[in-house]
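K.L.:
Take a look at this one; I'll ask things after.
The values are calculated or read from the model by the stated rules, or taken from the named source; none is laboratory data. Predicted, not measured: the structure shown is a model, and the values here were computed from it. Here the Cβ is made from the backbone with ideal geometry for all residues, glycine too, and neighbour counts use every protein chain on show. Remember, those area values only see protein heavy atoms, side chains included, never the ligands or the DNA or RNA. Shrake-Rupley method; radii C 1.70, N 1.55, O 1.52, S 1.80 Å.
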Amino acid sequence: MASPMVDLGDAQVLARRRLVADAFEPGGLLARNLPGFTARPSQKQMALAVFDAIVERSTLVAEAGTGTGKTFAYLVPSLLAGGKVLVSVGSKTLQDQIYDKDLRLVARAMQVDLEVALLKGRQNYVCLHRLERSTQQARLPTREAVIHLRQIQEFARTSASGDRAELSAVPETAAIWHDVTSTQDNCLGGECPRFDECFVYRARRRALAADIVVVNHHLFLADMVLRDDSFGELLPSVDTVVLDEAHHLPRTGAEFFGEGWSLAQVAELAGDTLAAGLHGARDGAAWADLTRAMEQASQAVRLALAQCGVEIGTRVALERMAGRADLASALGTLDLKAAGIEEALESNRGRDPDLDLVMPRLQRLRAQWDLWRKALAAEAAPDEDADVVRWVSVSTHGAQFQATPLSIADSFARARERAPQAWILTSATLTVAASFDAFIGEIGLAATTMRWDSPFDYSRQGLLYLPDPMPSPLSPQFAEQVADAAWPVIQASGGRAFVLCSTLRAVDRIAARLREKMAQGVETLELLTQGQGTRRNLLQAFRQSGRAVLVGSVSFWEGIDVRGQALSLVVIDKLPFAPPDDPLIEARLRRLRNQGRNPFTDYQLPAAVTLLKQGVGRLIRDERDRGVLMILDGRLLSKSYGKTVLASLPPFRITREQASACDFLTESGATNPGSSA
Ligand code: SF4
């Protein structure tokens with residue numbers, strides 16, 4: 001073990017490593033102090049590998065199958081090795097679970113006293129300064145907004161954290177939150193009159209003082225690229241970085257390292273300029289006229305996009321857009337109106353701190369518009385050597401303009417080199433047929449890789465049903481064929497099924513066919529379809545029903561934990577290959593081809609396998625779970641890559657017989673005691 005960490009000598013390192021190993025033994029501290037703890041060799045091995053990486057300050061990429069208990073496997077060595085730890089996760093669910101539950105359980109079981117902190121993005125905390133301004137301005141559009149504002153005022157007076165998640169009376173989606181939370185752009189920072197009591201900065205100070213800080217990947221990345229004013233402090237201050245749900249990092253990183261702007265930002269800027277202008281420099285300019293002119297120019301950009309043929313809900317690469325000259329001209333007009341505001345801001349400089357803050361935002365937006373106008377004027381052909389892809393997406397009233405890097409490897413490697421730390425990247429889905437090559441290539445880190453299979457007995461607990469014949473995904477009737485083939489198995493299961501689809505369109509068609517069948521059936525099953533309610537409400541209804549079939553697309557493939565009898569069948573329509581005409585995917589594939597690599601094996605297949613493994617992982621959640629996995633994509637058997645896909649899945653027994661699948665479910669229903677988590 002080279003370079004022992006912090007102030008530990010070799011003897012102490014060995015002693016603590018022994019403590020880590022002992023903790024995971026059948027009679028160890030975890031077994032003695034945590035009811036229900038089961039000692040698993042793979043968990044102990046992972047914990048020791050994490051400990052070694054911490055001591056050596058090296059990089060470990062670890063895949064641990066479902067049920068290994070990877071959270072404890074990195075928390076225990078992190079606690080025992082000492083030093084400060086940053087844990088970053090991909091989802092809010094896991095962030096809350098680690099902070100509210102796992103960390104406390106582990107600390108208590110290991111009899112360790114430590115300070116833990118949960119740090120969220122600034123938009124999660126009430127901004128006292130903006131709350132005060134909103135109260136004074138009293139220009140709220142609805143009675144509901146007035147009520148919400150009062151509730152937030154009361155909350156801000158009494159809350160210790162200012163975390164809006166604690167105020168359930170005001171819905172997450174309420175428009176008022178925009179007025180009473182801050183962004184990096186409109187926060188006054190050290191100049192703020194409420195700085196000492198500010199919830200955002202208090203949370204950051206607590207995080208800097210804590211032994212373990214739990215954040216999400218967005219915040220981790222913001223800190224890593226110094227995206228926010230006082231960020232960049234946290235990452236260098238820690239000895240160990242744990243990145244859980246690391247399979248999210250390539251995608252989240254690409255979004256994060258990109259640059260962009262939106263029409264919503266223009267509207268926010270206009271609103272903030274008007275409010276601050278009227279508050280601090282009412283006589284300084286015709287603020288209402290200036291901001292209205294900019295908003296009208298912004299709407300003209302939205303119209304130009306519609307004329308370019310960009311459909312709502314799609315992403316289009318810049319070079320594929322028609323009518324680029326009209327869009328460039330609309331951006332030119334927008335810039336002209338913004339220039340008028342910039343002049344007014346300049347002549348009123350120093351009169352109001354919030355008004356002064358608008359200037360750098362406006363200048364950043366104008367710089368972006370300049371880049372986009374130049375790109376629009378360039379040749380309408382893909383730039384083969386470009387490192388970024390420019391694309392536009394359109395919603396009903398808004399639009400997003402984004403430049404996304406095609407690789408995050410260099411940014412990651414640079415951040416990794418900045419400080420002598422241990423980095424642990426872990427997830428249940430990092431490999432393709434046991435190879436880490438694709439993931440390591442994407443994140444660009446030199447790392448030790450290790451993997452542990454799930455401790456579950458998949459050959460006994462589950463059955464993979466590949467119907468005979470398998471429908472072809474190329475068939476125009478594929479969705480209906482999926483529903484027809486799945487229906488007898490769904491009936492045998494008595495519902496208790498997830499149907500995971502690769503597109504929203506497939507969700508609608510498969511759900512429609514299942515609805516018809518349910519209407520004709522004798523038994524009453526409940527159909528729940530994505531879009532009927534929030535994900536949380538749908539899952540709650542699913543758990544409560546006991547006879548439900550939930551049809552959903554990508555957002556239901558991961559982060560869902562339904563144990564026992566409540567979920568006994570997972571149906572997957574097809575291998576979830578990303579659409580090759582998506583601008584990002586298209587550019588990545590082109591770049592790989594230009595590098596002489598195989599875009600399919602190096603990118604498309606690994607990405608599809610990662611998502612497929614997540615979907616499959618919904619079925620068996622603990623040692624008592626039993627269930628059937630049904631995949632209906634004929635390419636699994638007809639294409640050579642099907643073998644790679646099958647080799648990447650847990651070792652289920654495979655059947656082609658519908659009767660076997662139905663029998664397995666009937667027996668499971670009789671033998672599985674069931675539980676729901
Ligand atoms: S410092 Fe920023 S976030 Fe905090 S109260 Fe002031 S403006 Fe709001």
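K.L.:
Could we say that residue 422 is within 16 Å of residue 248 (Cβ to Cβ), at pLDDT 90 or above and buried (at least 18 other Cβ atoms within 10 Å of the Cβ) here?
P.N.:
Numbers: within 16 Å of residue 248 (Cβ to Cβ): no; at pLDDT 90 or above: yes; buried (at least 18 other Cβ atoms within 10 Å of the Cβ): yes.
Spelling it out, it is not the case that residue 422 is within 16 Å of residue 248 (Cβ to Cβ), at pLDDT 90 or above and buried (at least 18 other Cβ atoms within 10 Å of the Cβ).
K.L.:
Quick check on the stretch 302-317. Is at least one of its residues of a type in the set (S, T, N, Q), part of a loop (DSSP other than H, G, I, E, B) and over 24 Å from residue 92 (Cβ atoms)? So that I can check it myself, show each step before the final result.
P.N.:
From the stretch 302-317, those of a type in the set (S, T, N, Q) are 307, 314; that's our starting set.
Checking which are part of a loop (DSSP other than H, G, I, E, B) leaves us with 314.
After this cut, where a residue has to be over 24 Å from residue 92 (Cβ atoms) as well, the list is 314.
Looking for residues that are of a type in the set (S, T, N, Q), part of a loop (DSSP other than H, G, I, E, B) and over 24 Å from residue 92 (Cβ atoms), one finds at least one in the stretch 302-317, hence yes.
K.L.:
Right, another one. Among the residues of the stretch 242-249, is there at least one that is of a type in the set (Gly, Ala, Ser), away from the ligand (no atom under 15 Å from the Cβ), buried (at least 16 other Cβ atoms within 10 Å of the Cβ) and farther than 29 Å from residue 613 by Cα?
P.N.:
From the stretch 242-249, those of a type in the set (Gly, Ala, Ser) are 246; that's our starting set.
Within this subset, residues satisfying the condition of being away from the ligand (no atom under 15 Å from the Cβ) are 246.
Of the ones still in play, those that are also buried (at least 16 other Cβ atoms within 10 Å of the Cβ) are 246.
Next, from what is left, pick out any that are farther than 29 Å from residue 613 by Cα: none.
No: zero hits.
K.L.:
Another question, then. Here are the criteria: (1) free of Cβ contacts under 8 Å to residues at least 60 places away in the same chain; (2) open to solvent by 30 Å² or more (accessible area, probe 1.4 Å). Tell me which single one residue 543 does not satisfy.
P.N.:
(1)
K.L.:
Go over the candidates 196, 179, 283 one by one and state the one that is without any contact (Cβ under 8 Å) to a residue 24 or more places away in the chain, out of contact with any strand residue (DSSP E or B) (no Cβ under 7 Å at 6 or more places or on another chain) and within 30 Å of residue 337 (Cα to Cα). Please lay out each step first, then the result.
P.N.:
Numbers: 196 fails: within 30 Å of residue 337 (Cα to Cα); 179 fails: without any contact (Cβ under 8 Å) to a residue 24 or more places away in the chain.
Being without any contact (Cβ under 8 Å) to a residue 24 or more places away in the chain, out of contact with any strand residue (DSSP E or B) (no Cβ under 7 Å at 6 or more places or on another chain) and within 30 Å of residue 337 (Cα to Cα) holds for just one of 196, 179, 283, which is 283.
K.L.:
Could you list all residues from the stretch 444-468 that are surrounded by fewer than 18 Cβ atoms within 10 Å (Cβ to Cβ) and over 30 Å from the mean Cα position of the chain (by Cα)?
P.N.:
If the condition is that a residue be surrounded by fewer than 18 Cβ atoms within 10 Å (Cβ to Cβ) and over 30 Å from the mean Cα position of the chain (by Cα), then 459, 460, 468 are the ones that fit.
K.L.:
Filter the stretch 493-506 down to the residues that are touching a residue at least 60 places away in the same chain (Cβ under 8 Å) and crowded, with 21+ Cβ neighbours inside 10 Å and list them by number. Show your work before the answer.
P.N.:
Let us first name the residues in the stretch 493-506 that are touching a residue at least 60 places away in the same chain (Cβ under 8 Å), namely 493-494, 496-502, 506.
Of everything in the stretch 493-506, those that are touching a residue at least 60 places away in the same chain (Cβ under 8 Å) and crowded, with 21+ Cβ neighbours inside 10 Å turn out to be 493, 496, 497, 498, 499, 500, 501, 502, 506.
K.L.:
Residues in the stretch 552-566 that are open to solvent by less than 20 Å² (accessible area, probe 1.4 Å) and either closer than 27 Å to residue 644 by Cα or not aliphatic (A, V, I, L, M) (or both): how many?
P.N.:
6
K.L.:
Let me ask something else about it. Go through the stretch 642-655 and give me each residue that's farther than 16 Å from residue 572 by Cβ and out of contact with any strand residue (DSSP E or B) (no Cβ under 7 Å at 6 or more places or on another chain).
P.N.:
Within the stretch 642-655, 643, 647, 651 meet the criteria.
K.L.:
Let me ask something else. What number goes with the only condition from (1) part of a helix (DSSP H, G or I); (2) of a type in the set (A, V, I, L, M, F, W, C); (3) closer than 22 Å to residue 664 by Cα that residue 541 does not pass?
P.N.:
Answer for residue 541: the failing condition is (3).
K.L.:
I need the helices (runs of 4 or more DSSP H) fully contained in the stretch 1-78, keeping only those with at least 1 residues that are open to solvent by less than 40 Å² (accessible area, probe 1.4 Å) and in contact with a Pro (Cβ under 6 Å, 6 or more places away or on another chain). Full working, then the answer.
P.N.:
Values: elements: 10-23, 29-33, 41-56.
Result: 10-23, 41-56.
K.L.:
Of everything in the stretch 150-165, what is within 14 Å of the ligand (Cβ to nearest atom), assigned to a helix (DSSP H, G or I) and closer than 20 Å to residue 92 by Cβ? Give them in sequence order.
P.N.:
164, the sole residue that qualifies.
K.L.:
Hey, can you tell me all the residues within the stretch 277-315 that are within 15 Å of residue 392 (Cα to Cα) and open to solvent by 30 Å² or more (accessible area, probe 1.4 Å)?
P.N.:
Within the stretch 277-315, 302, 303, 306, 307, 309, 311, 312, 313, 314, 315 qualify.
K.L.:
Taking the condition in a helix (DSSP H, G or I) and basic (Lys, Arg), does residue 101 pass? Lay out the reasoning, then the answer.
P.N.:
Details: in a helix (DSSP H, G or I): yes; basic (Lys, Arg): yes.
Here the answer is yes, as residue 101 does meet what is asked.
K.L.:
For the stretch 407-430, name all the residues that are among the small types (Gly, Ala, Ser) and in a strand (DSSP E or B).
P.N.:
Kept after step one, since they are among the small types (Gly, Ala, Ser), are these residues of the stretch 407-430: 407, 409, 411, 413, 415, 419, 422, 427-428.
Correct list: 422, 427.
K.L.:
Still on this structure, I have one more. Could you identify the single residue in 205, 157 that is within 27 Å of residue 75 (Cβ to Cβ), open to solvent by 60 Å² or more (accessible area, probe 1.4 Å) and of a type outside the set (A, V, I, L, M, F, W, C)? Full working, then the answer.
P.N.:
Values: 157 fails: within 27 Å of residue 75 (Cβ to Cβ).
Exactly one of 205, 157 is within 27 Å of residue 75 (Cβ to Cβ), open to solvent by 60 Å² or more (accessible area, probe 1.4 Å) and of a type outside the set (A, V, I, L, M, F, W, C), namely 205.
K.L.:
Right, another one. When the stretch 132-154 is examined, which residues are found to be touching a residue at least 40 places away in the same chain (Cβ under 8 Å) and crowded, with 21+ Cβ neighbours inside 10 Å?
P.N.:
If the condition is that a residue be touching a residue at least 40 places away in the same chain (Cβ under 8 Å) and crowded, with 21+ Cβ neighbours inside 10 Å, then 134 is the only one that fits.
K.L.:
Can you find a residue that is out of contact with any Lys or Arg (no Cβ under 8 Å at 6 or more places or on another chain), without any contact (Cβ under 8 Å) to a residue 12 or more places away in the chain and among the hydrophobic types (A, V, I, L, M, F, W, C) anywhere in the stretch 438-461?
P.N.:
For the stretch 438-461, residues out of contact with any Lys or Arg (no Cβ under 8 Å at 6 or more places or on another chain), without any contact (Cβ under 8 Å) to a residue 12 or more places away in the chain and among the hydrophobic types (A, V, I, L, M, F, W, C): absent.
K.L.:
Which ranges mark the helices (runs of 4 or more DSSP H) fully within the stretch 569-677 that have 2 or more residues being open to solvent by 40 Å² or more (accessible area, probe 1.4 Å) and of a type outside the set (Phe, Trp, Tyr)?
P.N.:
Details: elements: 583-594, 605-616, 635-638, 641-648, 658-671.
Where helices (runs of 4 or more DSSP H) fall fully within the stretch 569-677 and carry at least 2 residues being open to solvent by 40 Å² or more (accessible area, probe 1.4 Å) and of a type outside the set (Phe, Trp, Tyr), they are 583-594, 635-638, 641-648, 658-671.
K.L.:
For a quick check of your reading of the model, give me the residue pairs whose first member lies in the stretch 364-387 and is modelled with pLDDT of 95 or more, whose second is open to solvent by 90 Å² or more (accessible area, probe 1.4 Å), with beta-carbon atoms closer than 9 Å and at least 6 apart or on different chains.
P.N.:
368/259
Yes or no, residue by residue, for (1) on the phi < 0 side of the Ramachandran plot; (2) open to solvent by 60 Å² or more (accessible area, probe 1.4 Å); (3) within 16 Å of the ligand (Cβ to nearest atom):
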| site | (1), (2), (3) |
| --- | --- |
| 84 | yes, no, no |
| 91 | yes, no, no |
| 97 | yes, yes, no |
| 104 | yes, yes, no |
| 107 | yes, no, no |
| 113 | yes, yes, no |
| 119 | yes, no, yes |
| 124 | yes, no, yes |
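K.L.:
From the set of residues in the stretch 388-419 that are charged (D, E, K, R) and surrounded by 13 or more Cβ atoms within 10 Å (Cβ to Cβ), which is modelled with the highest pLDDT?
P.N.:
Initial filter on the stretch 388-419 (charged (D, E, K, R)): 390, 410, 414, 416-418.
Add one more test, that the residue is surrounded by 13 or more Cβ atoms within 10 Å (Cβ to Cβ), and what stays is 390, 416.
Working: 390: 92, 416: 86.
Per the criteria, the residue is 390.
K.L.:
Which of the residues belonging to the stretch 261-276 are open to solvent by 30 Å² or more (accessible area, probe 1.4 Å) and not polar (S, T, N, Q)? Reasoning before the result, please.
P.N.:
Here is the first cut: in the stretch 261-276, the residues open to solvent by 30 Å² or more (accessible area, probe 1.4 Å) are 264-265, 267-268, 274.
Selection gives 264, 267, 268, 274.
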